[in-house]
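Below: the structure, in structure tokens.
Computed from the coordinates by the stated procedures, all read-outs in this text should not be read as laboratory data. All values derive from a computational prediction rather than experimental measurement. When we count neighbours, we look across all protein chains shown, and the Cβ atoms used for this are built from the backbone with ideal geometry, even at glycine.
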Amino acid sequence: MAIAIALVVLVLGSVLFHIFTPWWLPPLASNWKTMDDTLFITVVITGLFFVVISLFVAYTLWRFRHREGSRAAYEPDNHRLERRLIVITSVGIAALLAPGLWVYADYVSPPSEAMTLEVLGQQWRWRFRFPGPDGQLGGSDARFVSGANPFGLDPSDTRGADDILVDDNEVRLPLNRPVNVVLRSHDVLHDFYVPHFRSRMNIVPGQVSSFWFTPTKAGRYEALCAQLCGVGHPDMRGFVRVEEGAAFDTWLAAQPTFAGLRAAAAAPAAASADPATVGRTLAQSKGCTACHSVDGAPSVGPTWKGLFGKQENLEGGGTVHVDEAFLRTFIRNPQSRDIKGFPNVMPAVPVTDAELDALVAYIQALR
Ligand code: CUA
């Protein structure tokens, strides 16, 4: 009897919680209201089954409770009941799945006027690429990845020369213009997800996946990785800023192209800025700060505050002195030493010699 009452309370509590919950989806900012509709259909159907089944169990617990002199009846099968249950559950499951099939078919078929945005996932940061005036993305391959070519673009592919590269965790998009998002990964499975747009897609290494959406509200929205991709997964965040077309065009025109970056890399270094300042920007753009704080806060890796000059213990005994030589070797080959107290998971982020100088200078400045 107590269990029957508990079940009824559970059902009532769940329904009331759903109605009065403070946790709603963030306001919709794209064309995908159909995502909300399918989600609503799913909640209603599964909710209905949950209520009916729980109340039925509560009823049978009460109706067939133990009483003096009562006996259980043996009924091995009941074809009529089985047929009914099969029909009801089949209709329920079809109603759950069918709307999703329609929406998904639409979700991966972008309109012809859609602009292209490439999202590149890597442990544990995002990068973005636009195809440039020719409207075509240049070819890419993991074997082209280097410090000077973090996107891994094929230097011999002429379509890639005018590609616009956003080596940053934040990308901008114009308002009310459909975007075809193509996604690729440098390492493991990731998932690009912007809750406000109700859109997300898995990024499978070695494969290009895609979806499309139209941003309908200006604003800055957080993008997150929705597939567990290693110890830095919760820090794999980015931003999508949606703004008026004119503002977006100005911003896009200021971003470097692949050809422009290659020319700059080939040119002799200009009178350069302070290396520590350059290193600070690099630490952001290379994704170092996803795992290393600069204010002493604990994170996946050691904080950079006061790191330079420190003695670190090694797993299995011994110590190392964190000096310039050690930092250079370690950043180039993070698996070479196993530092005690930290998981040995740092990816080898490709950096040029100049970038390595700047990063070491920045860490040194934080001593
Ligand atoms: Cu990338 Cu989780």
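Only helical DSSP H runs with n ≥ 4 go in: add -39500 (n - 2.57) per run for the chain, normalise by residue count and round the 222 nm mean residue ellipticity to 500 deg cm²/dmol.
-12000 deg cm²/dmol
For K33, give me every one of the aspartates and glutamates with a C-alpha distance below 20 angstrom, ignoring sequence neighbours fewer than eight places off in its own chain.
Cross-link targets: D106, E222.
When the chain is treated as a GNM, springs tying every alpha-carbon pair under 10 Å, which of A72, A325, A226 comes out with the largest mean-square fluctuation?
Judging by the Gaussian network model, the answer is A72.
Under a straight-distance cross-link criterion of Cα-Cα below 22 Å, which lysines are reachable from K305, leaving out those fewer than 8 residues away in the same chain?
Excluding near neighbours in sequence, the set is K286, K340.
Can you pull the semi-axes for segment 225-325, root of five times each eigenvalue of the Cα gyration tensor, sorted largest first, whole Å?
34, 22, 13
Could you compute the FRET efficiency for V8 and K217, with r as their C-beta to C-beta distance and R0 at 30 Å, rounded to 0.05?
Taking R0 as 30 Å, the efficiency between V8 and K217 is 0.10.
Which whole-Hz ³J(HN,Hα) couplings does segment 211-225 yield from phi under the Karplus relation 6.51 cos²θ - 1.76 cosθ + 1.60, θ = phi - 60°, glycine and proline marked x?
Running phi through 6.51 cos²θ - 1.76 cosθ + 1.60 with θ = phi - 60° gives 7, 9, 7, 10, x, 10, 9, 5, x, 10, 10, 7, 10, 10, 8 Hz.
Based on Cβ point charges of +1 for Lys and Arg and -1 for Asp and Glu, what charge dipole magnitude is obtained for the chain about its Cα centre, in debye rounded to the nearest 20?
Dipole magnitude for the chain comes out near 1260 debye.
Cα convex hull of segment 115-260: mean projected area in nm², to one decimal?
In nm², the orientation-averaged hull projection of segment 115-260 is 7.9.
In segment 115-260, if the dipole is taken from +1 on Lys/Arg beta carbons and -1 on Asp/Glu beta carbons about the Cα centre, which of S210, Q136, F151 is farthest to the positive end?
Positive-end residue among those listed: S210.
Who wins for biggest fluctuation among L97, L173, L189 in a Gaussian network model of the chain, springs between alpha carbons below 10 Å?
L97
Relative to the Cα centre, what is the charge dipole magnitude of segment 1-127, using +1 at the beta carbon of each Lys and Arg, -1 at the beta carbon of each Asp and Glu, and rounding to the nearest 20 debye?
Magnitude of the dipole: close to 540 debye.
Counting only Cα atoms, I'd like the Rg/Rh figure for the chain, Kirkwood definition for Rh.
1.12
Please get the size of the charge dipole for segment 115-260, origin at its Cα centre, with Cβ charges of +1 on Lys and Arg and -1 on Asp and Glu, quoted in debye to the nearest 20.
Charge dipole of segment 115-260: 440 debye, to the nearest 20.
Would you work out if segment 273-365 is rounded, prolate or oblate? Take a ≥ b ≥ c from the square roots of the eigenvalues of the alpha-carbon gyration tensor; rounded if a/c is under 1.5, else prolate when a/b is larger than b/c, oblate otherwise.
prolate
How big is the antiparallel share of DSSP beta bridges in segment 39-192, given as a percent to the nearest 5?
In segment 39-192, DSSP labels about 60 percent of beta bridges as antiparallel.
Angle check, please: helix 79-107 long axis (alpha carbons) against the longest principal axis of the chain (alpha carbons), in degrees 0 to 90, nearest 10.
Once rounded, one gets 30 degrees.
Roughly how tilted is helix 353-365, in degrees to the nearest 10 and between 0 and 90, from the longest Cα axis of the chain?
80 degrees
Just to be sure I understand the curve: with the Debye formula and one point per C-alpha of segment 1-148, what is log10 I(q)/I(0) at q = 0.08, 0.13, 0.16, 0.19 Å⁻¹?
Calculated log10 I(q)/I(0) at the listed q: -0.52, -0.92, -1.13, -1.30.
Give the aspartates and glutamates whose C-alpha is closer than 13 Å to that of K217, dropping any in the same chain fewer than 8 places away, or say none.
E243, E244
So who's got an amide H within less than 5 Å of the one on T116, skipping anything under 5 residues away but keeping other chains? H placed 1.01 Å off N, in plane.
Under 5 Å from the amide H of T116 lie the amide H atoms of N180, each far enough along the sequence or on another chain.
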